[in-house]
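Just below is one structure, and these are the notes that go with it.
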Amino acid sequence: QVQLVESGGGLVRTGDSLRLSCVASGIALSEYTAGWFRQAPGKEREFVGAYRWGSFQSSSVNPRFISRTTVSRDDAKNSVSLQIDNLTPEDTAVYYCAAAMGYFGGSAKEYNFWGRGAQVTVSS
């Protein structure tokens, strides 16, 4: 059974940085693209960033966030992390980790497995 479990969410202040982690079980994340999406109340799910499968050591970040977002993978922990700096209330959302086989990009429909999400709330 495949599970993706996010952690690191919570209440933060404007200007803070946040690091979310996603630990996988049942799959080796190195064999999948590991992606991060977010969904704010009343809005569609939005691609944040992804780390490519294999040994490419390549990541992709939504241009909207590229100046303040980093995606990384830790194969020893079978996990992927998302760091967002300089948070604003507009970053308030549920952040989801997902895994895609044979795909590297931001289309949610291409991702095979999803975590339950981690709430991030940014106060002004």
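How many residues does region 8-28 contain that are touching a strand residue (DSSP E or B) at 6+ places or on another chain (Cβ under 6 Å), open to solvent by less than 60 Å² (accessible area, probe 1.4 Å) and either assigned to a strand (DSSP E or B) or modelled with pLDDT under 95 (or both)?
Looking only at that region, the number is 8.
When the residues of region 85-102 are narrowed to those that are of a type in the set (Asp, Glu) and closer than 16 Å to THR70 by Cα, which ends up least open to solvent (accessible area, probe 1.4 Å)?
My answer is ASP91.
Checking the conditions here, which among PRO89, PRO63, PRO41 is at pLDDT below 95 and either out of contact with any helix residue (DSSP H, G or I) (no Cβ under 7 Å at 6 or more places or on another chain) or closer than 19 Å to ASN112 by Cα (or both)?
Just one listed residue meets the conditions, PRO41.
Inside region 42-62, can you point out the residues that are at positive phi and free of Cβ contacts under 8 Å to residues at least 12 places away in the same chain?
Answer for region 42-62, where residues must be at positive phi and free of Cβ contacts under 8 Å to residues at least 12 places away in the same chain: GLY42, GLN57.
Just one of ARG38, ARG52, ARG68 is surrounded by 14 or more Cβ atoms within 10 Å (Cβ to Cβ), under 16 Å from ASP16 (Cα atoms) and of a type in the set (Lys, Arg); which is it?
The unique qualifying residue is ARG68.
Identify, please: which residue in region 71-84 is charged (D, E, K, R) and over 14 Å from the mean Cα position of the chain (by Cα) and is, among those, least open to solvent (accessible area, probe 1.4 Å)?
The extreme case among them is ASP75.
Sort out which residues of region 102-124 are in contact with a strand residue (DSSP E or B) (Cβ under 8 Å, 6 or more places away or on another chain), outside any strand (DSSP E or B) and of a type outside the set (Gly, Ala, Ser), and write them in order of number.
Across region 102-124, the qualifying residues are TYR103, PHE104, GLU110, TYR111, ASN112, ARG116.
Kindly indicate the residue of region 56-96 that is among the aliphatic types (A, V, I, L, M), in contact with a strand residue (DSSP E or B) (Cβ under 9 Å, 6 or more places away or on another chain) and assigned to a loop (DSSP other than H, G, I, E, B) and also farthest from SER30 (Cα to Cα) among those meeting that condition.
Among those residues, the one meeting the criterion is LEU87.
The values are calculated or read from the model by the stated rules, or taken from the named source; none is laboratory data. Predicted model, so just to flag it, every value in this text is computed and none were measured. Positions of Cβ are backbone-derived with ideal geometry, glycine not excepted, and every protein chain shown enters the neighbour counts. What goes into the accessible areas is simple: the full protein's heavy atoms, side chains included, and nothing from ligands, DNA or RNA. Shrake-Rupley method; radii C 1.70, N 1.55, O 1.52, S 1.80 Å.
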